[in-house]
Ligand code: ARG
């Protein structure tokens, strides 16, 4: 019987080295490379395809962009998906990639599934988790053989593959539609200031336009559906916001992140659309949800993000949290206006048919005694109730 293995392939150094190792060191007869398109640059997909066609026995290229948007990014917007202050990006794409690899493995009757992750990062655990549900053997050559990047670079070159990685540009990059992550090399020194060259999606704020840009985003049930009053599907909306935010230098993060295994790591990210959409979404929640709902949802969002970060999307709690979140989103409808300017983002307007905000109640121009305030409090509660009832009747 042919010994087949299916590899999650990105076209980068680690996964390219895996193709050779799976044949040489693990004795597989057939290495099947699976490239999953989750919105990384077209150029990267093209390069990955060329490399896979050259070195692997069979190649699958799966367009999972729509699924990524609908089943991963949108729930993440509803949950304001952030881990330790950074927008979840790599974390939410990994389970989808892993699932596509498993699908191919089943179809191809393969013995094993493989990934190119090291033993230090989070991605190995995210892949392992989904892979393990398939019951197939899991192979992680870079981790199992304890390989280092310099060895990999030489080994790949020996096999006729020069990836142009060198000591000056050693960055390890992961990109999808929602975020771009840059790590490694000199960035591992937390005192080292990131050079401008690591950024590809966002302008240096100094070079951003000198005039601010005002944009409006409309939400329905917590989902962004319009930009400047024009309906757009998720994929195009995110693309357009990545362009606009990037132009104005919005959406960079440089943080020390606690990895799943407890290591602290220095991470750099770009995520203009995600920054814009999550900020706008939160602003709308502020005006439609009650104080108690917001308090509780913040805790739910944190738990959601922690599970998503670990890739534990099949933990039953994840489903439970999504059910709560979806319930709250029924009233998260309305518009948010934002100002983008030289690396900054400000919310400058919000409105909703379900807003609990009352201008007369809060206005400085209306005189109110303490007693009035108290009765207003009850009136306020009544109004919340009325809004909820009104909403229920409609649905
Ligand atoms: N630390 C981030 C995470 O675990 C991103 C890792 C991305 N990988 C990379 N090679 N840049 O979500």
(Q) Taking 37 °C and 0.692 mPa s as the conditions, I'd like the Stokes-Einstein D for segment 85-205 in µm²/s, using the Kirkwood hydrodynamic radius from alpha carbon pairs. (A) 198
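Test of understanding: what is the full-extension gain from residue 360 to residue 63, defined as 0.36 nm times their sequence separation minus their Cα-Cα distance?
Values: separation 297, 0.36 × 297 = 106.92 nm, distance 5.15 nm.
Roughly 101.8 nm would be gained on extension.
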**Q.** Percent breakdown of C-alpha pair distances by 5 Å bin, ordered from the shortest bin, for segment 1-152
**A.** 2, 9, 19, 22, 22, 14, 7, 4, 1, 0
Q: Using only the alpha carbons, work out the radius of gyration and Dmax of the chain in angstrom.
A: 23.8, 86
(Q) Just to confirm the number: angle between the C-alpha axis of helix 42-55 and the first principal axis of the chain, 0 to 90 degrees, nearest 10? (A) 20
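What's the ranking of 74-81, 261-268, 117-124, 204-211 by average number of surrounding C-beta atoms within 10 Å, highest first?
Listed from highest to lowest mean packing, they are 74-81, 117-124, 261-268, 204-211.
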Q: Relative to the longest principal axis of the C-alpha atoms of the chain, give the angle of the C-alpha long axis of helix 149-158, reported between 0 and 90° and rounded to the nearest 10°.
A: 50
Q: Return the ratio Rg/(2.2 N^0.38 Å) for segment 160-236, where Rg is computed over Cα atoms only.
A: 1.58
Q.
Between 0 and 90 degrees, rounded to the nearest ten: what's the tilt of helix 291-310 against the longest Cα principal axis of the chain?
A. 0
Q) How far is the Cα center of segment 79-124 from the Cα center of segment 281-318, in Å? A) 22
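Let a ≥ b ≥ c be the square roots of the eigenvalues of the Cα gyration tensor of segment 232-325; is it rounded (a/c under 1.5), or, if not, prolate (a/b larger than b/c) or oblate?
On the way: a/c = 1.73, a/b = 1.12, b/c = 1.54.
It comes out oblate by the Cα gyration axes.
Every read-out reported here was derived from the displayed coordinates using simple, explicitly stated rules and does not represent laboratory data. All figures in this text were calculated on a predicted structure; none of them were measured in a lab. Don't worry about glycine lacking a Cβ; one is built from the backbone with ideal geometry, like all the others, and counts go over all protein chains shown.
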